[in-house]
Amino acid sequence: EKLLAELVRGMHRAELPQERVLADDIVRHLGDNAQRVAAFVASVRSVLPLGLIRDFAAQHCEVSSRDAAALIRELEAWQILRPGVGDRAQVQDAFRPALAAARTAYDGQSTHRGLRLLFDALSSLKDQQGLSVELLVDILTVLADMRGETLVNIVYDGVEWLTEFGSAGEVETLIAEVLESAELSDEFRFLAADAMAFFALSRDDEPGARKWIDICQTVADGRIIRL
């Protein structure tokens, strides 16, 4: 009982093996649609309006608003959705690894559709309440999962603004992951490395910038040789 209480409150500092087992088991016992909704919403760190989550559930699972509300109640009953201030909620951090693993089971078309609907929902939220650092990072995170080249293009065009906005660190993590995992063309690999070099130089990290500048040089040299 103490472990469950601490799990709900998030009061302990380290993830416990028992906690991971509980989270995995709970996610496995969710209904198919509830698991699908949670698997995608778990990509978002911001506290979201419950109405947005309900609308996303209705669209992604192709169910009525009434059935979508039932899915939300199921996630709340298992404490996967943690209540926030007002009519808002976010995914409990303890469940994120299990939900991320669950999302890998969906096929490419279903995954892309879910990410597209989530991206549209977050963009609508931005229009309604403005852009915070957390919401910006969430939008870029979903975008990175959808299409790495689009993320690189947006970041490259907005490096100065992103630095001033205070979100450079989170964006660097996303770009580094895209560089490692995505099949980027030479053009976008160059732009990604150039943006990373800018971020490093903005905090006076010349050795860090040199690594990314060397990648830019390697890409440029390769294109010259091919031309």
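Values in this text are rule-based calculations from the coordinates and carry no lab data. Note that the structure is predicted; figures quoted are calculated from it, not measured. Every residue, glycine among them, receives a Cβ derived from its backbone with ideal geometry; neighbour counts consider all protein chains shown.
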TODO: Give me the distance in nm between label points sitting 7 Å out from Cα along the Cα-to-Cβ direction at Gln79 and Ser132, one decimal.
DONE: 2.3 nm
Task: Whole-Å distance, taken between Cα centres, linking region 105-177 and region 24-78 - done: 21 Å
Open item on the list: Would you report the distance distribution of C-alpha pairs in region 152-227 as whole percents per 5 angstrom bin, up to the bin with the largest distance?
Closed with: 3, 17, 27, 26, 16, 7, 3, 1
Task: Tilt relative to the chain, helix 186-202 - C-alpha long axis, 0 to 90 degrees, to 10 - done: 90 degrees
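Place a +1 charge on the Cβ of each Lys and Arg in the chain and a -1 charge on the Cβ of each Asp and Glu, then give the dipole magnitude about the Cα centre in debye, rounded to the nearest 20. Intermediate results must be reported in sequence, preceding the final value.
Numbers: 24 positive and 37 negative charges, 123 e Å.
Here the chain has a charge dipole of around 580 debye.
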TODO: Loop sites only, by DSSP: take the GluC sites (Glu not before Pro) in the chain that have at most 10 other C-beta atoms within 10 Å and name the longest stretch containing none of them.
DONE: 63-182
- [ ] Tell me the Kirkwood hydrodynamic radius of region 42-82 in angstroms, computed as one over the mean inverse distance between distinct C-alpha pairs.
- [x] 10.4 Å
Task: Identified option (computed volume of the Cα convex hull per residue in Å³; candidates (1) 134; (2) 170; (3) 154) - done: (3)
- [ ] Starting from the amide H of Val91, placed 1.01 Å from N in the peptide plane, find each other amide H under 5 Å away whose residue is 5 or more places distant or on another chain.
- [x] Arg82
TODO: Determine the calculated [θ] at 222 nm for the chain from helices alone, applying -39500 (n - 2.57) to every DSSP H run no shorter than 4 residues and normalising by the residue count; nearest 500 deg cm²/dmol.
DONE: -23500 deg cm²/dmol
Open item on the list: Tell me the net charge near Ser110. Cut-off is 14 Å between Cβ atoms, Ser110 excluded, with +1 for each Lys or Arg and -1 for each Asp or Glu.
Closed with: 0
TODO: Mind putting a number on the dipole of region 57-188 about its Cα centre? Charges go on the C-beta only, +1 for Lys and Arg and -1 for Asp and Glu, and I need it in Debye to the nearest 20.
DONE: 760 debye
TODO: Round to the nearest 0.05 the FRET efficiency obtained for Thr163 and Glu187 when R0 = 25 Å and r is the Cβ-Cβ distance.
DONE: 0.65
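Please identify the longest segment of the chain free of exposed trypsin sites (Lys or Arg not before Pro), where exposed means a DSSP state other than H, G, I, E or B and no more than 16 other Cβ atoms within 10 Å. All intermediate terms of the calculation are to be shown ahead of the outcome.
Working: sites that count: Arg13, Arg45, Arg147, Arg203.
Answer from the scan: 46-146.
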